[in-house]
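Please read the structure below before turning to the comments.
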Amino acid sequence: MTERDIKNKNFVFIGGSEGMGRAAALALAKRGASVLIVSRGKEAGNAAVAQAKSAGATSADFLAADLSTIAGISAAAEGIKAWQSDIHGLMHTAMSAFNKRIVTEDGLDFAFALQYFARAALNRLLIDNLAASGDGRVVQVAGNVSEGMAGVDLNDLQFERRKWSFFKSILGTHHLGFLHIQEATKRWADLPVSLSACCVESVKTKAMQDPAMPFIMRLMGRFGTSPELAARNAVTVLTAADPAVLKGAIVRKSKEYKPEKLQLDAADAAKLWDITTEIGKNRGMVLS
C-alpha cells in the first residue's frame, strides 16, 4: 500500500510505553517520524523513547500523564501542545489492569474515565493541532464489540443504578468510542482530520497479564497475538497515503485491512457528545 511521507512528522502515542502503542511508535520511528510517548510509567516511557531513537526517529520524547483524571487529561493536552503545534497522528491504546469497581476522584467509573473519556476529551482538546497538520489522523484501538454486547445505557454511564461488572464496564467503553468517532466525524467534516477505530483480539501485553486483571483476561492475554502484529492496521491508518476512507471508519479484523464506515444510531452519538461536554464542563474542562 502506498504510504504518505511521515519523515519529520509528529505522532503522539497515548499509552505508548508498552504493547501496541510502543510497537506502533517504533514502526513510525523507523520511518523517521517524531514521536511523543504519553503514559503514566516514567521508566517504561523513557525506555520506549530510547528504542524509538535507536529505530531512527527524528526525535522522541516522553510525557508523564495520569489519564484517569480530568486534571491529568488537561495536563496531557497542554503537554502535547507544548511539544509540537502540528499533530499528524494520535493513537490511543492506554488501558490499565483492575478487577473491581473503581470510582475516580472526579466521580467517574475508572474504565469510562480512562478508556472513553480521556480519548474523546484529548481528541477534542487537540482538534486544532490535528487540523493544523493538514492531514491529522486519530486511531483508537478497541475490541470488535457490538452494540448488544456492550450493553451501554447512556442514562447510567457511571453505574449508579445498574449493577457494575468488569465486562459491562470495559466493553461499554469500546462502543462509546465508536459513537464518539462517528459524531466527531460528522462535526468535523470540513476539517482535514480523520478518526478511525482498529479492532484487535487478545494481545499479549503487560496490562493483559497483570495479576490485577480478572483470570479470564490474563488467560486471553497469555495466548494472544504479539503487539507488533496487533498494531499493523493502526500503523497503516497512520501512514496510508489516502485518508479518504478513514473518516469515521472501523477496521474490524486485525488480520485484514478493510476500513468500513461506522453506522451507529445518530441520536445516541449526538447524545453522548453532549454528555461528554457536560461532564467536562462540570469539572472545569471546556471541550470544543
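Just so it is clear, none of the values below were taken in a lab; they were calculated from the coordinates. Being a predicted model, the structure only gives us computed values, none of them experimental. Cβ: placed from backbone, ideal geometry, glycine included. Neighbour counts: every protein chain shown.
Just a few scattered comments:
- Inter-probe distance in nm under a simple model that places probes 7 Å from Cα toward Cβ, at ALA47 and GLU3: 2.5 nm
- Taking every DSSP bridge with both residues inside segment 10-281, close to 10 percent are antiparallel.
- Candidate values (1) 170; (2) 138; (3) 115 were compared with volume of the Cα convex hull per residue in Å³ computed on the shown model; the agreeing label is (3).
- Long pairs among LYS9/LYS247; LYS42/LYS253; LYS81/LYS168; LYS81/LYS258; LYS186/LYS281, criterion Cα-Cα beyond 29 Å: LYS42/LYS253; LYS81/LYS168; LYS81/LYS258
- In the chain, the DSSP-assigned H stretches of four residues or longer account for a calculated mean residue ellipticity at 222 nm of -12000 deg cm²/dmol, using -39500 (n - 2.57) per stretch and the full residue count as denominator.
- Label-point separation in nm, GLU78 to GLU147, each point 7 Å along Cα→Cβ: 4.0 nm
- Dipole magnitude for segment 8-89: computed about the Cα centre from +1 point charges on Lys and Arg Cβ and -1 point charges on Asp and Glu Cβ, it is near 260 debye.
- Pairwise FRET efficiency - LEU287 versus ASP66, Cβ, R0 = 25 Å, nearest 0.05: 0.85
- Distance distribution note for segment 62-132: the fraction of Cα pairs above 19 angstrom is 33%.
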